[in-house]
Amino acid sequence: MAFSIGGSSHAQSFASMRVNTQNVYKQQPIRASITVYTSTWFADAPDLGTIHIPNAFVLPFKRTQSAIQYVNNKKYATLEFFYLIFPYESGEITIPELQINISTPPEGDYIAIKRSLKTKAISIQVKDTPKSFSGTDWLVAKGVTIIEKWSKPLSDVKVGEVIERIITIKATGTLPAFIPKSNLDEESWASIYPREPQLKDTRTNKDANGIRVEKYRYLLEKEGNFTLEPITVVWYNAYLQKQYSRSTQEQTITIHSNPDLGMLTTMRDSLSTSELALPNNPNKKPFSFLGLNLKQLLLLSAILIIAIFLLLKLSKAALRKWCITKQNYLNSEKYWFDQLLNTHHKNASQQLNALYNWLIRRPNKHYTLDSFLKETNSDSVIKLLRGTFNEENQKLNKQEIRDLKKGIDYISKNKKDVLPPLNP
């Protein structure tokens with residue numbers, strides 16, 4: 001773990017970076033956690049900038065964890081972020097020194113001051129594919145599944161038909177771009193036409209996951225019974241130091257003869273001749289569709305197109321309004337209070353973190369629970385603190401949380417000058 005300390009003697013703030021390992025295989029994710037400490041409170045979210053690492057892909061996670069920690073018997077408010085780093089090649093990579101900008105007031109003051117903190121660089125050794133790995137393509141993952149589907153039953157197809165084979169590979173603990181393509185054998189009974197694969201990012205708030213969907217079209221050219229060999233995907237679990245594999249099932253395809261196959265060219269020529277002869281037919285009936293002539297049909301089509309256009313425009317405006325409303329809610333105090341309400345079934349420590357997140361977003365912000373307790377003398381918060389730090393797991397129920405909000409709102413309304421405003 002690397003850290004640096006900045007600020008004056010009146011305030012302490014520092015940042016640390018730690019990694020879960022310094023020895024990995026290529027494509028194995030490295031979890032880099034950055035924790036920012038302040039002895040007062042955070043007036044704004046820290047600015048971590050961006051991380052650029054040669055021969056590696058950096059995947060940032062927006063999940064932020066706030067907490068209260070003690071370092072050398074001194075209390076600090078902390079915020080923690082993390083990244084997943086995927087090295088491409090073997091050798092050595094370096095996570096560079098990070099500059100982190102924070103806004104926090106000195107101890108005994110309430111006016112925030114911008115500070116710049118730095119972490120130390122960390123070197124990572126990246127190993128090549130182990131010799132024991134027997135797969136064709138290297139893949140590091142926690143788990144992999146492979147699913148195969150066909151557009152038609154393989155026992156009911158004919159020569160000349162085109163059927164589609166869909167292969168879906170799901171992998172946890174890796175990026176979708178790292179999932180290798182399937183290795184298909186050429187077939188004597190069909191021509192195979194691959195389509196562009198689809199890559200889907202299905203990451204969670206803790207891990208990287210991906211899906212690769214491959215589609216192949218088979219033009220059937222020979223009748224008979226043929227065997228489709230299984231498709232196998234091999235991966236290496238770096239945490240268990242073990243190789244695994246999964247395969248599709250072996251299948252048999254029965255291609256029947258098509259008596260009309262030889263007539264395709266003749267039928268195509270015949271239809272072309274028939275189309276050319278139609279204008280000279282004196283018995284030709286005027287165009288009609290659902291009782292409408294061509295002019296009426298075109299007019300109706302134009303009206304429908306305009307109606308669809310207007311409907312799409314209204315839908316887009318409604319969707320934009322909904323997105324703005326949702327974004328306003330996610331940035332509002334009500335959202336963070338609702339998150340606090342939802343912690344009634346969690347433990348006391350989680351509830352304390354949710355309470356802190358709500359308090360710093362109120363109009364009269366409280367960046368420490370000490371200042372909040374001095375103002376409110378809340379029995380509920382005292383109960384929660386005892387439950388957290390004495391490991392009694394005493395937490396608040398929903399009604400106690402609502403009563404706490406009512407008390408805070410009443411005090412804020414009648415005691416406006418208790419705590420000076422932040423950054424007046």
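For every residue, the table says whether it meets (1) within 26 Å of residue 62 (Cβ to Cβ); (2) of a type in the set (Gly, Ala, Ser).
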{"site": "78", "(1), (2)": "yes, no"}
{"site": "83", "(1), (2)": "yes, no"}
{"site": "89", "(1), (2)": "no, no"}
{"site": "96", "(1), (2)": "yes, no"}
{"site": "108", "(1), (2)": "no, yes"}
{"site": "111", "(1), (2)": "no, no"}
{"site": "139", "(1), (2)": "no, no"}
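Only residues in the range 87-106 that are more than 26 Å from residue 46 (Cβ to Cβ) count as the first member; pair them with residues that are polar (S, T, N, Q) and not in a loop (DSSP other than H, G, I, E, B), Cβ under 7 angstrom, at least 6 apart or cross-chain, and list the lot.
Within 7 Å, the pairs are 92/123; 92/125.
Are any residues in the range 231-249 within 17 Å of residue 172 (Cβ to Cβ), aliphatic (A, V, I, L, M) and touching a residue at least 40 places away in the same chain (Cβ under 8 Å), and if so, which ones?
Scanning the range 231-249 gives 233, 234, 238.
Tell me, yes or no, whether the range 20-35 has at least one residue that is under 22 Å from residue 206 (Cβ atoms), touching a helix residue (DSSP H, G or I) at 6+ places or on another chain (Cβ under 6 Å), outside the structural domain of residue 205 (by TED's automatic domain parsing) and buried (at least 19 other Cβ atoms within 10 Å of the Cβ).
Yes, some residue in the range 20-35 is under 22 Å from residue 206 (Cβ atoms), touching a helix residue (DSSP H, G or I) at 6+ places or on another chain (Cβ under 6 Å), outside the structural domain of residue 205 (by TED's automatic domain parsing) and buried (at least 19 other Cβ atoms within 10 Å of the Cβ).
Taking only the range 328-341 into account, find how many residues are of a type in the set (S, T, N, Q), in a helix (DSSP H, G or I) and exposed (fewer than 14 other Cβ atoms within 10 Å of the Cβ).
1
When you scan the range 90-145 for strands (runs of 3 or more DSSP E) that lie fully inside it, which ones turn up with 3 or more residues that are within 17 Å of residue 79 (Cα to Cα)?
Fully inside the range 90-145 and qualifying: 99-104, 113-118.
Out of 147, 163, which single residue is aliphatic (A, V, I, L, M) and closer than 17 Å to residue 210 by Cβ?
One residue alone meets the criteria, 147.
Name the single residue that is farthest from residue 227 (Cα to Cα) among those in the range 149-181 being small (Gly, Ala, Ser) and outside any strand (DSSP E or B).
In this case the residue turns out to be 173.
Does the range 169-179 contain any residue that is over 31 Å from the mean Cα position of the chain (by Cα) and surrounded by fewer than 19 Cβ atoms within 10 Å (Cβ to Cβ)?
Scanning the range 169-179 turns up no residue that is over 31 Å from the mean Cα position of the chain (by Cα) and surrounded by fewer than 19 Cβ atoms within 10 Å (Cβ to Cβ).
Here is a yes/no grid of residues against (1) under 25 Å from the mean Cα position of the chain (by Cα); (2) closer than 20 Å to residue 88 by Cβ:
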{"position": "133", "(1), (2)": "no, yes"}
{"position": "138", "(1), (2)": "yes, yes"}
{"position": "142", "(1), (2)": "yes, yes"}
{"position": "147", "(1), (2)": "yes, no"}
{"position": "150", "(1), (2)": "no, no"}
{"position": "164", "(1), (2)": "no, no"}
{"position": "167", "(1), (2)": "yes, no"}
{"position": "181", "(1), (2)": "yes, yes"}
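Determine if the range 351-367 includes at least one residue that is farther than 17 Å from residue 65 by Cα, at pLDDT 65 or above and either surrounded by fewer than 16 Cβ atoms within 10 Å (Cβ to Cβ) or not basic (Lys, Arg) (or both).
yes
Is there a residue being out of contact with any His (no Cβ under 8 Å at 6 or more places or on another chain), in contact (Cβ under 8 Å) with a residue 24 or more places away in the chain, part of a helix (DSSP H, G or I) and closer than 23 Å to residue 42 by Cβ anywhere in the range 309-327?
Checked against the condition, which is being out of contact with any His (no Cβ under 8 Å at 6 or more places or on another chain), in contact (Cβ under 8 Å) with a residue 24 or more places away in the chain, part of a helix (DSSP H, G or I) and closer than 23 Å to residue 42 by Cβ, the range 309-327 yields no hits at all.
Would you be able to tell me the number of residues in the range 184-205 that are of a type outside the set (Val, Ile, Thr), outside any strand (DSSP E or B) and under 28 Å from the mean Cα position of the chain (by Cα)?
5
The values are calculated or read from the model by the stated rules, or taken from the named source; none is laboratory data. Owing to the predicted nature of the structure, the values given are computational and were not obtained by experimental measurement. Every residue, glycine as well, gets a Cβ built from its backbone with ideal geometry; the counts of neighbours run over all protein chains shown.
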